[in-house]
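Notes to accompany the following structure.
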Amino acid sequence: QVQLVESGGGLVQSGGSLRLSCAASGSIFSINYMGWYRQAPGKQRELVAAITSGGTTSYADSVKGRFTISRDNAKNTVHLQMNSLKPEDTAVYYCNAHVPDMAYWGNGTLVTVSS
């Protein structure tokens with residue numbers, strides 16, 4: 001079992017920045033990779049960024065150059081630094097962790113970007 005707790009969401013003006021954090025606990029040794037997804041009202045959940053246990057990162061085209069995913073192995077935490085935020089980035093952001101044959105989700109944190 002893996003438990004994920006997100007923090008760092010909130011309200012920010014267009015062009016601003018936020019940093020999301022996801023603290024993992026439990027069977028963290030089995031995690032292959034972790035990622036951030038988001039779901040806007042009326043839309044499907046989509047992958048925003050992911051990072052493997054080896055540190056390889058990947059990003060959705062819509063956030064490349066603006067968002068950065070990183071991990072702090074000592075604190076079992078993954079961060080998502082979001083810069084140059086746009087109103088279309090408004091969504092609930094979910095932390096995700098993959099282990100063999102299973103995916104775990106956090107409860108989500110709301111990010112609202114005002115124009």
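The values are calculated or read from the model by the stated rules, or taken from the named source; none is laboratory data. In this text, all values refer to a predicted model and were calculated from it rather than measured experimentally. Reconstructed Cβ throughout: ideal geometry from the backbone, glycine too, with neighbour counts over all protein chains shown. Heavy atoms of the whole protein, side chains included, go into the accessibility calculation; ligands, DNA and RNA do not. Shrake-Rupley method; radii C 1.70, N 1.55, O 1.52, S 1.80 Å.
Just to confirm, what accessible area per residue do you get for the chain at 1.4 Å probe, in whole Å²?
Ligands and nucleic acids excluded, the figure is 53 Å² per residue.
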Worksheet entry | Highest-fluctuation residue, Ser53, Ser27, Ser17 considered, GNM on the chain with Cα pairs under 10 Å | Ser27
Item to complete: Treat each spin label as a single point 7 Å out from the Cα along the C-beta direction, and report the Ser27 to Arg45 distance in nm.
Response: 1.9 nm
Item to complete: Heavy atoms only, probe 1.4 Å: what % of the accessible area of the chain goes to carbon and sulfur, would you let me know?
Response: 49 percent
Fill in: Residues of type lysines that Lys75 reaches as a straight line, Cα spacing below 28 Å, ignoring anything fewer than 8 places off in the same chain
Lys64
Discussion item. Between Thr68 and Gln13, what is the label-point separation in nm under the 7 Å Cα-to-beta-carbon projection?
Written reply: 2.4 nm
Worksheet item: Can you give me the Cα centroid spacing of region 15-29 and region 79-100 in angstrom?
Response: 9 Å
Discussion item. On alpha carbon coordinates alone, what is the Rg over Rh value for the chain, Rh being the Kirkwood radius?
Written reply: 0.95
Response to the item:
Whole-Hz Karplus couplings 3J(HN,Hα) for region 106-115, θ = phi - 60° and coefficients 6.51, -1.76, 1.60, Gly and Pro as x, run x, 7, x, 9, 7, 10, 10, 10, 8, 8
Worksheet item: Using a Gaussian network for the chain with springs between C-alpha atoms less than 10 Å apart, which of these wobbles most: Thr77, Thr56, Thr68?
Response: Thr56
